[in-house]
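The values are calculated or read from the model by the stated rules, or taken from the named source; none is laboratory data. Computed from a predicted structure; not experimentally measured. Here the Cβ positions follow ideal geometry from the backbone for every residue, glycine too, while neighbour counts run over all protein chains shown.
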Amino acid sequence: MEPHLKALGERVAAAQDQRLHAYLDLGRARARLLDAVRPSRRPPLRTLLVAALALSLVLAAGTAAFTLRERPLAFRLGNGDGSDGTSQWIAAPEGAAVPIHFSDGTQLTLLDNARARVVDLDSRGATVVVERGELRASVVPRKNARWRVFVGPFAVRVTGTEFDVGWQPETERFSLNLRAGSVVVTGPGLDGERAVHAGETLRLSPRAGPLATDPEPAATAPEPAESPASASPQVSADALGAQKTRRARELHKRPAQPDFRELASHQLYQEALAAAEAAGFELLCRSAALEDLLLLADTARLAGTAEEARQAYRSVRERFPGRDAGKAAFFLGRLAFDRDADYAQAARYFALSIEEQPQGPLAREAAGRLLETQLLLADSAGARHAARQYLDRYPGGPHAKVAKRVLAQP
């Protein structure tokens, strides 16, 4: 054995012995064993064996308690036997679900087309980042449990409960349906922390804030006709599509051309973009008020038209170089990152967004994206700088583990 490995083993053994003494009362067990073997008492062999067995059980119990207290949780996917590493993206195929089993009995399930990753594990719980789609969670209640689920720009703090949570980046909609227990939600549009209790459904938008906080409807109640903004997460995509189509027809029956703002408020982004183009997209970019111009840019982005979205966001930055210019920079960065894979341009925009809106609702996500772009660009100095800034501002954020790993590298 190498000398340094032997020395390391001796230090680990000494540390384990010290920790075991904190959990076990070895003195009393040792005294009983010594009494049993004194010549004056001459106990039968059976007594000696019982005493030795008692001591070994005490030692085994203490070792088990020490191991259980210190060992981080592990997880595996589906019915696989092995544990999967953290920070790897997990995606559910279309029309299928991917269960994630944790060693404490907790189960998370990614539903149709959802994408997420486990970014951190310890003995108390895990940190999970949901990029898109719906996650079904059944977290086993344990003393001092700590689970965190980052869903888009929102964070859900969990101890032990059952819930469904989802994020749709295309429409920027967050939903939470709590079946049992309680959780705390933080994020843009909320005034501090929002507690959600069993039977409640919470729907949020970073732009519009809370959309609804409702008790879950009874299973036997007839399903009411609702708008997509207030529909239950259980409503199917086909039903939502039918509702949108009916509203679009009703709006188009009106004598006047519907305004893009009205259509966008009903999440009819394709129709809203067509209305904006009919009214003159470039004219709106040059003349619309700030709020309308931001809505126009968001509408084009959510309708999937990247060039018009860029044009509108750039108009925000040129015409209104104030606080909301940082929001426009963030979405220009996202378009460069997601649509073009132009990571250099994305990095410039994310850095601008942080500089112009350092306390804004998108600042944490911009900082995480900036770190990702520097890693993709293989810019070691830039990645270390981004990692230090991220940990200074968001030590418990979803990119904290990646930042620590970057700084740990020589």
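Could you check, for segment 379-396, whether at least one of its residues is basic (K, R), under 19 Å from the mean Cα position of the chain (by Cα) and surrounded by fewer than 18 Cβ atoms within 10 Å (Cβ to Cβ)? Spell out how you get there, then give the answer.
Of segment 379-396, the ones basic (K, R) are 384, 388, 393.
Still in the running and under 19 Å from the mean Cα position of the chain (by Cα): 393.
Narrowing the set further to residues that are surrounded by fewer than 18 Cβ atoms within 10 Å (Cβ to Cβ) leaves 393.
Yes, that holds for at least one residue.
Please specify each residue of segment 161-204 satisfying the condition of being over 18 Å from R364 (Cα atoms) and either part of a loop (DSSP other than H, G, I, E, B) or among the β-branched types (V, I, T) (or both).
Passing the criteria: T161, V165, E170, T171, G181, V183, V184, V196, A198, G199, T201.
Within segment 300-307, does at least one residue satisfy the condition of being in the same structural domain as L263 (by TED's automatic domain parsing), in contact (Cβ under 8 Å) with a residue 60 or more places away in the chain and either crowded, with 21+ Cβ neighbours inside 10 Å or not in a loop (DSSP other than H, G, I, E, B) (or both)?
yes
Please work out which one of (1) hydrophobic (A, V, I, L, M, F, W, C); (2) modelled with pLDDT under 90; (3) in contact with a Phe, Trp or Tyr (Cβ under 7 Å, 6 or more places away or on another chain) is the condition A367 fails and give its number.
Checking A367 against (1) hydrophobic (A, V, I, L, M, F, W, C); (2) modelled with pLDDT under 90; (3) in contact with a Phe, Trp or Tyr (Cβ under 7 Å, 6 or more places away or on another chain), the one that fails is (2).
Return a yes/no flag: does segment 350-373 have any residue that is more than 19 Å from P153 (Cβ to Cβ), crowded, with 21+ Cβ neighbours inside 10 Å and touching a helix residue (DSSP H, G or I) at 6+ places or on another chain (Cβ under 6 Å).
Looking through segment 350-373, none of the residues is more than 19 Å from P153 (Cβ to Cβ), crowded, with 21+ Cβ neighbours inside 10 Å and touching a helix residue (DSSP H, G or I) at 6+ places or on another chain (Cβ under 6 Å).
Evaluate segment 281-295: report whether one residue or more is within 23 Å of T373 (Cβ to Cβ) and in contact with a Ser or Thr (Cβ under 9 Å, 6 or more places away or on another chain).
Looking through segment 281-295, none of the residues is within 23 Å of T373 (Cβ to Cβ) and in contact with a Ser or Thr (Cβ under 9 Å, 6 or more places away or on another chain).
Name the pairs: first residue in segment 373-400 and within 23 Å of D338 (Cα to Cα), second residue among the basic types (K, R) and surrounded by 17 or more Cβ atoms within 10 Å (Cβ to Cβ), Cβ to Cβ under 7 Å, at least 6 apart or on different chains?
As it stands, the answer is G397/R364, since those pairs meet every condition given.
Before we move on, is V196 modelled with pLDDT of 85 or more, β-branched (V, I, T) and surrounded by fewer than 20 Cβ atoms within 10 Å (Cβ to Cβ)?
Criteria not met by V196.
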